[in-house]
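Bear in mind these aren't lab numbers, they're just calculated from the coordinates by the rules spelled out. Source: prediction; values computed, not measured. Here the Cβ is made from the backbone with ideal geometry for all residues, glycine too, and neighbour counts use every protein chain on show.
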Amino acid sequence: MQINQNGILQENVLFKSPSYAAAFVVGGHANGLTEWKDKNGVRFGEIEKE
C-alpha cells in the first residue's frame, strides 16, 4: 500500500467489510456501520437497512 507524505492513500484498496475499511482509517477497531456516513450524515448502517 502506498501512502503519500500527506497521509493520502495512492491506490485503490478493496476491504472485505465496512468495518475493516474503518479500522484501516482510524488505526484500530471500528464499526463501519456506525463510523461511515454519507454527505448528509446518514450512517451506513441506516442506509443498509433501507
Qualifying trypsin sites (Lys or Arg not before Pro) for the chain [loop in DSSP, other Cβ within 10 Å: at most 16]: K16, K39
Run through the chain and list the chymotrypsin sites (Phe, Trp or Tyr not before Pro) located in a DSSP loop whose Cβ has at most 15 other Cβ atoms within 10 Å. F15
In deg cm²/dmol, rounded to the nearest 500, the helical mean residue ellipticity at 222 nm of the chain, built from -39500 (n - 2.57) for every DSSP H run of length 4 or more, is -9000 deg cm²/dmol
Theoretical FRET efficiency, 1/(1+(r/R0)^6), r = Cβ-Cβ of N40 and Q10, R0 35 Å, to 0.05: 0.80
Rounded to the nearest 0.05, FRET efficiency between E48 and V25 (Cβ-Cβ, R0 30 Å) equals 0.95
